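Nothing in this text is a laboratory measurement; each read-out follows from the coordinates by a stated rule. It should be emphasised that the depicted structure is a prediction, and the values quoted were computed from it without experimental measurement. Quick reminder, even Gly has a Cβ in these numbers, built from the backbone with ideal geometry, and neighbours come from all protein chains shown.
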Amino acid sequence: MKIIDAKVIVTCPGRNFVTIKITTDQGLYGIGDATLNGRELAVASYLQDHLIPCLIGRDASRIEDIWQFFYRGAYWRRGPVGMTAIAAIDVALWDIKAKAANMPLYQLLGGRSRDGVMVYGHANGRDIAETVSEVGRYIDMGYKAIRAQTGVPGLASTYGVSGDKMYYEPADGNLPTENLWSTSKYLNSVPKLFETLRETYGFDHQLLHDTHHRLTPIEAAQLGKSLEPYKLFWLEDAVPAELQEGFRLFRQHTTTPIAVGEVFSSIHDCQQLISEQLIDYIRTTIVHGGGITHLRRIAHLAELYHVRTGFHGATDLSPVTMGAALHFDTWVPNFGIQEYMRHTPETDAVFPHDYHFDNGYLKIGETPGHGVDIDEAKAAKYPYQRAYLPVNRLEDGTMFNW
Ligand SMILES: O=C(O)C(=O)C[C@H](O)[C@H](O)CO
Ligand SMILES: [Mg+2]
């Protein structure tokens, strides 16, 4: 089964998405997501100018060999641009293999391990009262797990709080928006949020929180400790994880479960975090982590150390990634949870898919492949628009982590 065509489709139905479509001489095609928020055209060029010329004429069924060819063959390994491009090709090839077998993708991975995939939604508000009422709205929609983010008194804006409550999109400017950050103001406000949430709704729902890489290990330890009475499902990205051993200090001081990894691109970014049991959930997802072929290795390593999956699923991960991730989640033995930020109706129309939300779970259909397609005519109506993620400065003007 020869690859005869591969093209990159860039579309912006409200936000940018990069998609690869690979076609074979047997008339089958597969779709893969290549979206890297705020850096979309770098991946599009890497695919178009460097990978696709080597792809044409190859046997589409040799997924592992093609993965190794692009990973080892580049000489320059890892990194988000390269690994996102490899992931897009990998997912498109798994889509083709499953279609050729006339099976939904989860069957090729090893079959069903669960009926539905528990997801968490995003509740946020400008202050604690608004966030508490938003969490109530998610409970009413049937969610079993909810991430709660709230505005910080004294800061004009912060990560995770948006005007549009249903479709949060942080890449909001054609040049980066500048935000201000104060760790002490943040640390003073977060425990109050979770105290109020537990007082209001009790302990029947899972609650999560994302610190978005803003604390040092000892600050994260303080936060984790102060949140222990509220029994979070996880505290996410409390510390930037370039220094994996930095998590030892954080880990030793708190029993709040720890999640990290949405910005990782390979197993080497989390090997120590996993093998030293410094985390509980690994967030690396298919599109930024080298595709299904590579993420399987991460999941298997994690299983040995009681670490479960909790894939990134913000809106910048297209429905193609969501479809592929849901097949993976339906199979993977050490599944934890899946993030689910809803796409807009415009995005859903460009990417028709067969997964659906059902009372706190996402459920996949039985369509052969990963069950997500692209409507090229609709995609063509939405040309690329440059958009950046915000940046963050401390109150004295120092550049900080966003
Ligand atoms: O969904 C999350 O947990 C995020 O942290 C969202 C990220 O800011 C977003 O995906 C960046 O593109
Ligand atoms: Mg996050």
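For the pair SER45 and ARG137, what calculated FRET efficiency results from E = 1/(1 + (r/R0)^6), where r is the Cβ-Cβ distance and R0 = 30 Å, to the nearest 0.05?
E(calc), rounded to 0.05, equals 0.15.
Please report the relative contact order for the chain, taking Cα pairs under 8 Å with a sequence separation of at least 6, and give it as a percent rounded to a whole number.
23
So for region 3-104, Kirkwood radius off the Cα pairs, Stokes-Einstein at 10 °C and 1.306 mPa s: how many µm² s⁻¹?
117
Counting other beta carbons within 10 Å of each residue's own, what order do ILE52, ILE337 fall into, fewest first?
The fewest-first ordering by Cβ neighbours comes to ILE52, ILE337.
Considering amide H positions built from the backbone, and no H for Pro or chain starts, which residues 5 or more places from LEU207, or on another chain, come under 5 Å of its amide H?
ILE146, PHE233
Residue-wise, which Karplus ³J(HN,Hα) couplings in Hz belong to region 335-351, taking 6.51 cos²θ - 1.76 cosθ + 1.60, θ = phi - 60°, and x for glycine or proline?
Karplus-based 3J(HN,Hα) across region 335-351 equals 6, x, 6, 10, 6, 9, 9, 5, 7, 6, x, 4, 5, 4, 6, 6, 10 Hz.
Would you work out the Kirkwood radius for region 193-345? I mean one over the mean of 1/r across all pairs of different Cα atoms, in Å.
Final number for the Kirkwood radius of region 193-345 is 15.8 Å.
How far apart, in nm, are the 7 Å Cα→Cβ label points at GLU376 and ASN179?
3.8
Among DSSP beta bridges lying fully in the chain, give the percent that are antiparallel, nearest 5.
Among the beta bridges of the chain, antiparallel pairing accounts for roughly 45 percent.
Report the full-extension gain for the segment THR200 to GLN385: residue separation times 0.36 nm, less the Cα-Cα distance, to one decimal in nm.
Answer, rounded to one decimal: 62.4 nm.
Going by how many other Cβ atoms sit within 10 Å of their own, how do TRP94, TRP76 line up, fewest first?
Going from least to most buried by this count: TRP76, TRP94.
Where in region 309-402 are there GluC sites (Glu not before Pro) that are in a DSSP coil and have at most 15 other Cβ atoms within 10 angstrom of their Cβ?
Here the GluC sites (Glu not before Pro) that fit, given the DSSP loop and packing criteria, are GLU366, GLU395.
Around ALA241, what is the net charge, scoring Lys/Arg as +1 and Asp/Glu as -1 over all other residues with Cβ under 13 Å from its Cβ?
-3
Give me the Kirkwood hydrodynamic radius of region 108-368 in Å, from all C-alpha pairs, to one decimal place?
So the Kirkwood estimate lands at 18.8 Å.
In sequence order, what are the phi-derived ³J(HN,Hα) couplings for region 317-322 according to the Karplus relation 6.51 cos²θ - 1.76 cosθ + 1.60 with θ = phi - 60°, rounded to whole Hz, with x for glycine and proline?
8, 5, x, 5, 5, 4
Can you give the calculated 222 nm mean residue ellipticity of the chain, where each DSSP H run of n ≥ 4 adds -39,500 (n - 2.57) and the sum is split over every residue, rounded to the nearest 500 deg cm²/dmol?
Theoretical 222 nm ellipticity from helices: -10000 deg cm²/dmol.
Read phi for every residue in region 310-315 and hand back ³J(HN,Hα) as whole Hz from Karplus 6.51 cos²θ - 1.76 cosθ + 1.60, θ = phi - 60°, with x for Gly and Pro.
Per-residue couplings from phi come out as x, 4, 3, x, 6, 5 Hz.
Apply 1/(1 + (r/R0)^6) to the Cβ-Cβ distance of ILE218 and ASP65, taking R0 = 51 Å, and write down the FRET efficiency to the nearest 0.05.
Here the calculated transfer efficiency is 0.65.
Please report, in debye to the nearest 20, how large the charge dipole of region 302-402 is about its Cα centre when each Lys and Arg carries +1 at its beta carbon and each Asp and Glu carries -1 there.
180
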